[in-house]
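The values are calculated or read from the model by the stated rules, or taken from the named source; none is laboratory data. As the structure is a prediction and not an experimental result, all values here were calculated from the model. Cβ placement follows ideal geometry from the backbone for every residue including glycine, while neighbour counts extend to all protein chains displayed.
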Amino acid sequence: MRFNIRPMRPIRIGAAVAAVSLLALAVGTASNASASKKAPTVTINVAALIPGSTKAAVAEFNKQIAEFEQQNPTIKVNGVQYDWTGPTFAAELAAGTLPDVFTVPFTDGRSLGEAGQLANLTSYVKKLPYFKQFNPAVIAEGTDAKGQVIAIPTAAYAQALQYNRQLFSEAGLNPNDPPKTWAQVEADAKQITQKTGMTGFSEMGANDNTAGWILTTLDYAFGGRMETGVGTHAKADFDNPQAVQALQMLHTMRWTDNDMGSNFGLSWGTSNQAFAAGQIGMFISGSDVYTNMVQADNINPSIYGLAPIPLANNKNAGVLGGGTLAAVKPTATPAQIAAAMKWITFFYMSPLVNKQQAIRNAQTLVANKQPVGVPELPVFNEKQYQISQSWIAPFINVPLKQLSPFNSGIFKEKVIPEPEAATQAVYGDLDSVVEDVLTDPNANIKSLLQAANVTGQSSIESGS
Amino acid sequence: MSKTDVMTPRSQKLDHALRGGAAIRAPRGLVLGTPASWVRRGGLSKLLFLLPLLFVFGAFSWYPIVRLVLMSLQHTNLVQPATWVGFANFSAVVHDPLFPIAVRNTAEFAGLALVFGYPIPLIAAVLISEVRSRRGLYSALAYLPVVIPPVVAVLLWKTFYDASPNGVFNTVLGWVGISAQPWIQAQHSALPSLVLESTWANAGATVIIYLAALTGVNRELYEAAAVDGAGVWKKVWHVTLPQIRTVLLITMILQIIGTAQVFIEPYLFTQGGPANATLTVMLLIYDYAFGNSLGGDYGKAAALSLMLVAFLAVFSLVYLRATRSWSSE
């Protein structure tokens, strides 16, 4: 599954004022202590900018390294180019060439930790002054089945309905009133295709775990769950009634309404690309994909609209959440882990809790013509999130009005973590079900889900 | 002449030696003796010259092969210590529901490539060899797709295969009244679409091989055939094909081995979809190893790789034995 991991992007989620002072104290104390003892120098390689970053961004990053090294004279930091993608990450992981500090999506955190592929940070994390401030649901994403903290959440998002305001207008729909039910989504998609000839609703259908990811999102929105339990004892439940309902809806839109276009192999990046090119009326992806659409696809901001995912009238219905974790290589020495924790605090966490740092990062983004104010979910809590948003308010350059349906609606919705056991494998097993429904008019949804359930259970039991 | 009567230059030399000629001597430098004499005879310098080659082959060919065999018997994520699991990986591969799908798709790809992709370069080569002018231009045009990097070619063909009515191929079909086709977006047409692109991309190299082989055909045979009243088809069937049969046999086995290892097209076009309709054995190996960002099942990937190697080795052996008499006639 592809997530937009941006190690350099500042994260604007705030924390309590108390946490700010505690954090500053902790960083300062730790630095002074280190300096006074003159401990031997420890070197850490850290995930830095994505390949192809601008000179200004590189200069800004180097400035931050210099500042960190000044605060921590016994630590030397080397920035390493890093861009998370599934296949490259797997190869780097196997080859042992990952930097000491890197980022992974929520999707992978627990499974990597349980497979011994991330350093155990528990004893280090619990000493952090802001540890207790974490949103319990968010820190759970970096905690394995044994209760060990194996990664630190640095950003969170919720799945959202991305919609093209221009196509809504052209189809005679109100762009300020995006659909609030799945029936409305179906009706609006049909109308968009009929009136504009464009794809009304698009579903990621690539064989790279994204199709399964979006199907799981739909399942949650209808009130279902793809698995129950944790670890290798979890049970796959792919053929739940809500999954059938979601796939039936896709089948109707694809084969009856014929409003899903002609390309059923879109992935995360290509969906963004097609949407930014004005070819898609609606699709589901993370609330933060606008950044990628600006960076990679040169989207016209005026067409962009974001709304919460409609939830079915079911008490279990919820929005699938995700995010980014900072983690440490398992082969790191205790000294390197300690240094890595200081770097994570400095680089990833201080912008969440430190006004000055938050403003500085926002200024850098604006200078690099990058979006500021893209909707995310609080790593700590909603109040702190709003505080941090107020810090960077003068720098926000995203079309806030067009994001207001999401921003005003998301905190009323229940955000649910991704399936815990064998997450990527579960998504992969569900990929072919979605592909079958989108490419075979006679697809037998129930039997497809049952077959996938068998392989899914096998994936869970093997801990893959 | 019986087989025992065959006297090659080498055997003649040996025969001469045995009949009282020079005493039998091992090649220079390999004569056993004291280390000093071995050095004096240039053994050390030969070894020094061999070392880079031994190192390169050892490090990049032999060691990975040995490692692959060992890994196929292990469960490992290459981070934690590996555990020996015997033949469990092989068993897991065989029982994987995707395994028969991948084997079937690979066989179908190889079959389609053989039926359509194999004759096309031959026909093209025969036609090019028959034209009297601009032969070089036609050869260059035939070879041009080979020069295009595979990734670029696939991206190009992806636009051709756009399933909307505005797609390149669908627009052309529309001109002759044929409705838009789904190409790589449908399970039934995805694999043949991949074969089509693959044939286009790879035929050029085979055309050049055939053109080279055709230059070796004795023109007098064609003249003799013409005197006997043979038309073009009979000339091709009775003269051209028998004359280049050794090349034909080699290109066929190379094509079968190549298509059995098809990876670029399914990976770049469809990633094995839709609904595993283009999942091939090589892609399954890749998926085992790298399809999961958590770090794959390298043991299973190694096991399936070995199974593919073993199959192709046995197949090649059987093929070469079965066609030996034909190729040596």
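Against the conditions (1) farther than 30 Å from residue A:249 by Cα; (2) outside any helix (DSSP H, G or I); (3) touching a residue at least 40 places away in the same chain (Cβ under 8 Å), where does residue A:111 fall short? Just the number, please.
(2)
Among what's in the range A:108-126 and is touching a helix residue (DSSP H, G or I) at 6+ places or on another chain (Cβ under 7 Å) and within 8 Å of another protein chain (Cβ to nearest Cβ), pick the residue that is nearest to residue B:82 (Cα to Cα).
So the residue we want is A:117.
Return yes or no: is residue A:61 crowded, with 18+ Cβ neighbours inside 10 Å, at pLDDT 75 or above and touching a Leu at 6+ places or on another chain (Cβ under 7 Å)?
When the stated conditions are applied, residue A:61 passes them.
Which of the following residues is within 30 Å of residue A:397 (Cβ to Cβ), outside any strand (DSSP E or B), more than 14 Å from chain B (Cβ to nearest Cβ) and at pLDDT 95 or above: A:252, A:217, A:291?
Exactly one residue qualifies, and that residue is A:217.
Would you mind finding the one in B:138, B:143 that is assigned to a helix (DSSP H, G or I) and either in contact (Cβ under 8 Å) with a residue 40 or more places away in the chain or of a type in the set (Val, Ile, Thr) (or both)?
Step by step, each of B:138, B:143 is checked, and only B:143 is assigned to a helix (DSSP H, G or I) and either in contact (Cβ under 8 Å) with a residue 40 or more places away in the chain or of a type in the set (Val, Ile, Thr) (or both).
Name the helices (runs of 4 or more DSSP H) wholly inside the range A:375-464 in which the number of residues that are acidic (Asp, Glu) and either within 14 Å of chain B (Cβ to nearest Cβ) or free of Cβ contacts under 8 Å to residues at least 24 places away in the same chain (or both) is 1 or more.
Answer list for the range A:375-464: A:423-439, A:445-462.
Provide a single number: the residues in the range A:255-277 that are more than 19 Å from residue A:207 (Cβ to Cβ) and not in a loop (DSSP other than H, G, I, E, B).
4
Please go through the range A:222-240 and give me each residue that is crowded, with 17+ Cβ neighbours inside 10 Å and among the aliphatic types (A, V, I, L, M), ordered by number.
Result: A:226, A:234, A:236.
Going through the range A:255-288 one residue at a time, which ones are more than 20 Å from the chain's Cα centre (by Cα), more than 14 Å from chain B (Cβ to nearest Cβ) and closer than 24 Å to residue A:322 by Cβ?
A:281
Can you find even one residue in the range A:352-365 that is buried (at least 21 other Cβ atoms within 10 Å of the Cβ) and in contact with a strand residue (DSSP E or B) (Cβ under 9 Å, 6 or more places away or on another chain)?
yes
Which is over 20 Å from residue A:231 (Cβ atoms), surrounded by fewer than 23 Cβ atoms within 10 Å (Cβ to Cβ), at pLDDT 90 or above and of a type in the set (Val, Ile, Thr), of A:125, A:101?
None of the other options fit; the residue is A:125.
Which ranges mark the helices (runs of 4 or more DSSP H) fully within the range B:196-267 that have 3 or more residues being within 26 Å of residue B:140 (Cβ to Cβ)?
Answer list for the range B:196-267: B:245-260.
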